[in-house]
Amino acid sequence: PHHLLTAASDGTCKVFSADTGLCAATLFSRREPASCAFSPDGLREVSWEPHAAVATVRVAATREPLLALAGHQGAVRAAAWSPEGHHVVTAAGDGTAAVWNARTGERLRVFQEHKAEVCSAAFSPEGQRIVTASEDGTAKVWCAASGACSTTLEGHAWAVTAA
């Protein structure tokens, strides 16, 4: 089954059938979720709340917490799964991004070259690279395995909010 996951200001996440558009489940949060994303296999989700420095990996069907991805000094702004579902990358208000083991919660790597909040982070389709976007007006491309920055993309006059 194919599903879509949404997060809303009313404190709910909803799971919709991608085939019918019908709501299959409503999941409640204690606070407003900032956003959420399914793992590639659809069995897990990662979600985070505004102003929280922690992202949580949960069982998608029940929202049972599995892991807390804790270690940022600023609020988590974004998170994304690696293509194979083994890792999660987070972007945070402390100017860093981090890669986490999605099975153990261990922080494997921290990317620290941005000079302001990191607004988004994503894996490349093959999972070999990570791109981050920052309020410092740059996007950076990193080697997922080593953590080395290979390219800095410059030219925006304002914050880069997505890449």
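Looking only at segment 125-133, decide whether some residue is modelled with pLDDT of 95 or more, in contact with a Cys (Cβ under 6 Å, 6 or more places away or on another chain), of a type in the set (D, E, K, R) and on the phi < 0 side of the Ramachandran plot. Working first, answer last.
Pass one, segment 125-133, residues modelled with pLDDT of 95 or more: 125-133.
If we keep only those that are in contact with a Cys (Cβ under 6 Å, 6 or more places away or on another chain) as well, we get 133.
Those left that are additionally of a type in the set (D, E, K, R): none.
Checking segment 125-133: not a single residue is modelled with pLDDT of 95 or more, in contact with a Cys (Cβ under 6 Å, 6 or more places away or on another chain), of a type in the set (D, E, K, R) and on the phi < 0 side of the Ramachandran plot.
Here is a yes/no grid of residues against (1) part of a loop (DSSP other than H, G, I, E, B); (2) without any contact (Cβ under 8 Å) to a residue 60 or more places away in the chain; (3) on the phi < 0 side of the Ramachandran plot; (4) under 16 Å from the mean Cα position of the chain (by Cα):
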{"residue": "CYS13", "(1), (2), (3), (4)": "no, yes, yes, yes"}
{"residue": "THR26", "(1), (2), (3), (4)": "no, yes, yes, no"}
{"residue": "CYS36", "(1), (2), (3), (4)": "no, yes, yes, yes"}
{"residue": "SER47", "(1), (2), (3), (4)": "no, yes, yes, yes"}
{"residue": "HIS51", "(1), (2), (3), (4)": "yes, yes, no, yes"}
{"residue": "ALA61", "(1), (2), (3), (4)": "yes, yes, yes, no"}
{"residue": "LEU66", "(1), (2), (3), (4)": "no, yes, yes, yes"}
{"residue": "HIS72", "(1), (2), (3), (4)": "yes, yes, yes, yes"}
{"residue": "GLY85", "(1), (2), (3), (4)": "yes, yes, no, yes"}
Residue match in segment 80-93 (condition: of a type in the set (Gly, Ala, Ser), at pLDDT below 95 and closer than 19 Å to ALA8 by Cα): no
Evaluation of ASP19 against (1) in contact with a His (Cβ under 9 Å, 6 or more places away or on another chain); (2) farther than 23 Å from ALA162 by Cβ; (3) surrounded by 18 or more Cβ atoms within 10 Å (Cβ to Cβ) (one fails), failing number: (3)
Residue match in segment 97-113 (condition: hydroxyl-bearing (Ser, Thr, Tyr), surrounded by 18 or more Cβ atoms within 10 Å (Cβ to Cβ) and either touching a residue at least 24 places away in the same chain (Cβ under 8 Å) or assigned to a loop (DSSP other than H, G, I, E, B) (or both)): no
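The values are calculated or read from the model by the stated rules, or taken from the named source; none is laboratory data. Owing to the predicted nature of the structure, the values given are computational and were not obtained by experimental measurement. Every residue, glycine among them, receives a Cβ derived from its backbone with ideal geometry; neighbour counts consider all protein chains shown.
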